[in-house]
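Inspection log for the structure reproduced underneath, given as structure tokens.
The values are calculated or read from the model by the stated rules, or taken from the named source; none is laboratory data. Treat the numbers as computed from the prediction; the structure is a model and nothing was measured. Using ideal geometry, Cβ is built from the backbone for each residue, glycine included, and neighbour counts are taken over all protein chains shown.
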């Protein structure tokens with residue numbers, strides 16, 4: 001009998017919300033809210049998994065391919081992805097999964113779970129050390145997004161796999177760069193409002209795709225990734241207002257992300273707060289991702305001393321975060337007064353074996 005524990009982090013999206021699936025640049029950071037599995041492994045092929053956070057349990061026989069029982073059956077799809085790579089297991093055991101990541105709140109609880117679970121399965125097979133964080137990110141995207149034909153990019157999986165502060169290239173063959181800069185003073189606020197992640201992603205993606213299609217009828221060279229906003233403006237003006245707002249927001253956010261990357265390159269975070277809030281304005285007004293409660297939480301954070309902040313995740317509920325170096329406690333209390341649940345968070349490492 002041997003013990004094994006693996007965990008992975010949640011994340012905040014600094015810049016690039018609703019951009020990764022469009023091939024636009026993204027900047028994100030893994031944070032020290034983590035999900036993990038630990039347990040005792042024994043001979044056999046049956047895993048008995050307890051998930052007390054959601055009052056559920058699950059039994060898996062790793063001896064064969066998995067048939068999906070529920071929609072988005074990520075635990076079973078991860079087994080199938082690894083089995084197709086030739087992995088087999090001669091161990092079972094009794095496991096427990098616990099998480100400090102808010103569920104369905106825009107902090108990447110599902111992707112962190114998938115990457116963590118893949119890491120655990122690799123650890124059971126004695127092969128965790130053969131795969132780096134980027135490898136696990138790619139496997140996680142395959143198990144969560146590709147396997148079920150869902151909309152979504154690789155930002156969440158890169159954060160869970162690699163950790164740290166990342167700039168992510170979302171165009172094939174994909175890739176990520178880690179930034180070694182101090183990023184302190186982050187306060188996450190959970191609104192406790194439910195959100196429909198897949199539906200929100202699908203809706204905004206469809207709107208932007210339609211807007212781009214119409215622009216390209218008159219401007220075949222138009223590219224979300226490369227065309228300057230000034231060149232696109234005459235064509236945006238010809239669109240119906242909703243589509244114009246959607247496309248313009250992505251073009252503006254693309255430039256904000258690139259400006260933030262230049263600041264990271266220079267090691268200068270003095271403009272991070274205003275850049276974050278400028279990004280939030282586009283998410284709020286252009287993509288309609290915020291809610292009245294998230295706005296109250298963000299406004300209260302700014303009044304308490306935060307330098308900036310934004311909605312976090314796909315939007316329509318869930319979380320916001322504030323950048324508040326030196327006044328985290330005051331901002332946390334301001335979020336609490338607005339009915340939110342505050343988490344003072346810090347940048348954390350990616351998927352890892354826990355002793």
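Here is how the numbers come out for the structure above:
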| read-out | value |
| --- | --- |
| Residue pairs meeting the criteria (Cβ under 6 Å; at least 6 apart or on separate chains; first under 16 Å from residue 47 (Cα atoms), in region 62-76; second in a loop (DSSP other than H, G, I, E, B)) | 62/45; 62/89; 63/45; 76/66; 76/68 |
| Failed item, numbered, when residue 87 is tested on (1) in contact with a helix residue (DSSP H, G or I) (Cβ under 8 Å, 6 or more places away or on another chain); (2) assigned to a helix (DSSP H, G or I) | (2) |
| Elements of type helices (runs of 4 or more DSSP H) in region 102-165, at least 3 residues being under 14 Å from the mean Cα position of the chain (by Cα) and farther than 17 Å from residue 176 by Cβ | 109-124 |
| Leading residue by the ranking (surrounded by the most Cβ atoms within 10 Å (Cβ to Cβ)) among those in region 231-261 that are in contact with a helix residue (DSSP H, G or I) (Cβ under 8 Å, 6 or more places away or on another chain) and in a loop (DSSP other than H, G, I, E, B) | 239 |
| Flag if residue 131 is assigned by TED's automatic domain parsing to the domain that holds residue 153, within 19 Å of residue 161 (Cα to Cα) and in contact with a helix residue (DSSP H, G or I) (Cβ under 8 Å, 6 or more places away or on another chain) | yes |
| Any hit, region 70-86, residues being outside the structural domain of residue 249 (by TED's automatic domain parsing) and over 27 Å from residue 153 (Cβ atoms) | yes |
| Filter result for residue 264 (in a helix (DSSP H, G or I), touching a residue at least 40 places away in the same chain (Cβ under 8 Å) and under 30 Å from residue 339 (Cβ atoms)) | no |
| Given (1) under 16 Å from the mean Cα position of the chain (by Cα); (2) modelled with pLDDT under 95, index of the condition residue 10 fails | (2) |
| Complete set of residues in region 34-83 that are in a helix (DSSP H, G or I) and surrounded by 16 or more Cβ atoms within 10 Å (Cβ to Cβ) | 74, 75, 76, 77, 78, 79, 80, 81, 82, 83 |
| Number of the exception - residue 177 against (1) in contact with a strand residue (DSSP E or B) (Cβ under 9 Å, 6 or more places away or on another chain); (2) in contact (Cβ under 8 Å) with a residue 40 or more places away in the chain; (3) not in a loop (DSSP other than H, G, I, E, B) | (2) |
| Of all residues in region 191-215 being surrounded by 14 or more Cβ atoms within 10 Å (Cβ to Cβ) and free of Cβ contacts under 8 Å to residues at least 12 places away in the same chain, the one that is nearest to residue 316 (Cα to Cα) | 203 |
| Output for region 77-91, where each listed residue is closer than 10 Å to residue 125 by Cβ and touching a strand residue (DSSP E or B) at 6+ places or on another chain (Cβ under 8 Å) | 90, 91 |
| Residues within region 267-306 that are assigned to a loop (DSSP other than H, G, I, E, B), free of Cβ contacts under 8 Å to residues at least 60 places away in the same chain and closer than 19 Å to residue 189 by Cβ, tallied | 3 |
